[in-house]
Amino acid sequence: MIDLAVGVVLGAAFGLVINSIVNDVLMPFIAALFQAPDFTNLFVILKQPENATNVNLNSIEEVRKAGGVALGYGLLINAFINFLIVAFALFMVVRTVNRMRREEPAPAAPAGPTQEQLLMEIRDLLKNQPQQ
């Protein structure tokens, strides 16, 4: 049970580190490639807020707070990139652990006599027996 608890705590910490890498290191590079400052605010307004004059329509949070409906595909892109990075990092960790755990093959048992050798020994023993 302690192993499980340690795994959960380390998994949560690992998730925080990966989120920081994604949000603070990788996403700025990806956003620069697509000429967008942040994928979070990539969205399509499905229903305008009732009082759209006082609302910043460039922020999905503001649109939703004002009662509008927005399809946030940028949030999905962020979540997908985050998932891919976490999956890759966990794959590398599991692969490394499996390599470290790999046991060396057991030494092969010494080869015994072949079937032909056993038959020849039986023949020789039968030849050496006194005849009745």
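Please treat every number below as a calculation from the coordinates, not as lab data. All figures in this text were calculated on a predicted structure; none of them were measured in a lab. When we count neighbours, we look across all protein chains shown, and the Cβ atoms used for this are built from the backbone with ideal geometry, even at glycine.
In the chain, the longest principal axis of the Cα atoms and the axis of helix 73-101 are about 20 degrees apart. Residues of the range 59-103 falling in the label zone of Glu50, defined by backbone nitrogen less than 17 Å from a point 7 Å along Cα to beta-carbon, are 63-70. From its DSSP helices (H runs of at least four residues, each -39,500 (n - 2.57)), the chain gives a residue-normalised ellipticity at 222 nm of -18500 deg cm²/dmol. Geometric descriptor of the chain, per residue, is 289 Å³ (volume of the convex hull of the Cα atoms). Take 71-81, 88-98 and order them by the average number of nearby Cβ atoms within 10 Å per residue, most first; the result is 71-81, 88-98. Relative to the longest principal axis of the Cα atoms of the chain, helix 2-20 runs at roughly 50 degrees.
Indicate the gyration tensor shape class of the range 1-77 (rounded, prolate or oblate), computed on the Cα atoms with a ≥ b ≥ c the square roots of the eigenvalues: a/c under 1.5 is rounded; otherwise a/b larger than b/c is prolate and the rest oblate. Since a/c reaches 1.5 but b/c is at least a/b, the shape of the range 1-77 is classed as oblate. Averaging the Cα positions of each part gives two centres, and for the range 1-75 and the range 80-120 these lie 41 Å apart. Along the chain, the exposed loop sites are GluC sites (Glu not before Pro) outside DSSP states H, G, I, E and B with at most 14 other Cβ atoms within 10 Å, and the longest stretch free of them is 51-102.
Computed from the C-beta positions of Leu16 and Glu62 and an R0 of 25 Å, the FRET efficiency is 0.40 to the nearest 0.05.
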